[in-house]
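Since every read-out is calculated from the coordinates, none of them should be taken as a lab result. In this text the structure is predicted, and so the values were computed from the model without any measurement.
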Amino acid sequence: MNDDSRRASDTTAHTQVITERKNPPMCQHQPPCPSADSADRESARLVAHHPEQGWSLLCNGVVLFEDTGELLPDGRIIAPQRSGGVTLTSA
């Protein structure tokens, strides 16, 4: 085995894949916005609003979609909230 192949295998053995993103805290104001894990996470301040694309970014890193779905900073998905009692009638 030559030195080049030994180095390649040593490097590959120590490589780790990290899938969790590390986000810097976006909330710099007082009082701080609720965290992405809290029940009132949707009350955080808007950082970016793109109604033409159907989404908004909150100060706590949560992405809100116009269909009421959410994407949390750690990658978890909150499914859209569908109301079950809506009935359409024609006039």
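Extension gain for PHE65 to HIS49 (0.36 nm times residue separation, less C-alpha to C-alpha distance): 4.7 nm. With 0.36 nm allotted per residue and the present C-alpha distance subtracted, the ILE78-GLN28 stretch has 15.5 nm of extension available.
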